[in-house]
Amino acid sequence: MSAFTTSFTGVRVVSKTTVAKKTVSTKACASMDFKKAAVIAATTLAMSSPAFAATIKLGGDNGELGFFPPSITVKAGETIEFVNNKAFPHNVVFDEDNVPAGVNVDAISHEDYLNGPGEKVTNKFDTPGTYGYYCEPHQGAGMAGTIIVQ
Ligand code: CU1
């Protein structure tokens, strides 16, 4: 009789532990789903925004190696469109030493070369500050720009 009681208590303890573990793993899962949902929501928002605060040409109309305009000021939350113009290939790479603290340059850079006229990439800027960026193939020729987000 005494042995049965001890055994029964033991089973109950194991059962409680299992429930506790399940609860923890469910919370972790919910947190990951929330992050995924937030990323999808942010992406959808950026894609559904048709108006751009500014357009920056990659390469001047006469083939100059630069971003035009080279410096631009926008408000936080606005989207800039980069359009391939002349003298490509170009790309848009943000300078990790010249962006606001906490901004991930890998997440906002467009390292793939734009090879055709009119090809576009866009960036939405949520964090205020100064963003320096450049074109990798033409960095040596001074193809760089500045975006100020207020
Ligand atoms: Cu370039």
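Restricting attention to the range 138-150, and to residues there that are surrounded by fewer than 16 Cβ atoms within 10 Å (Cβ to Cβ) and assigned to a loop (DSSP other than H, G, I, E, B), which single residue is farthest from the ligand (Cβ to nearest atom)? Can you show your working first?
Going through the range 138-150, the residues surrounded by fewer than 16 Cβ atoms within 10 Å (Cβ to Cβ) turn out to be 139-142, 148, 150.
From the residues that got through so far, the ones that are assigned to a loop (DSSP other than H, G, I, E, B) too are 142, 150.
Details: Gly142: 10, Gln150: 27 Å.
Here the answer is Gln150.
Taking only pairs six or more apart or across chains, which ones have beta-carbon atoms under 6 Å, a first residue in the range 84-106 that is part of a loop (DSSP other than H, G, I, E, B), and a second residue that is more than 9 Å from the ligand (Cβ to nearest atom) and among the aromatic types (Phe, Trp, Tyr)?
Here the result reads Val99/Tyr131, each pair linking the range 84-106 to a residue that is more than 9 Å from the ligand (Cβ to nearest atom) and among the aromatic types (Phe, Trp, Tyr).
Can you give me the number of residues within the range 66-83 that are within 16 Å of the ligand (Cβ to nearest atom) and either aliphatic (A, V, I, L, M) or assigned to a loop (DSSP other than H, G, I, E, B) (or both)? Quick ask: steps written out before the conclusion?
Just the residues of the range 66-83 that are within 16 Å of the ligand (Cβ to nearest atom), to begin with: 66-70, 82-83.
Then keep just the ones that are either aliphatic (A, V, I, L, M) or assigned to a loop (DSSP other than H, G, I, E, B) (or both); that gives 66, 69-70, 83.
Counting residues in the range 66-83 that are within 16 Å of the ligand (Cβ to nearest atom) and either aliphatic (A, V, I, L, M) or assigned to a loop (DSSP other than H, G, I, E, B) (or both) gives 4.
If you go through the range 114-137 one residue at a time, do you hit one that is among the β-branched types (Val, Ile, Thr), within 15 Å of the ligand (Cβ to nearest atom) and touching a His at 6+ places or on another chain (Cβ under 6 Å)?
So far as the range 114-137 goes, yes, one or more of its residues are among the β-branched types (Val, Ile, Thr), within 15 Å of the ligand (Cβ to nearest atom) and touching a His at 6+ places or on another chain (Cβ under 6 Å).
Read the figures in this text as sums done on the coordinates, not as results from a lab. Bear in mind that the values here come from a model prediction, so they are computed numbers and not experimental data. Every residue, glycine as well, gets a Cβ built from its backbone with ideal geometry; the counts of neighbours run over all protein chains shown.
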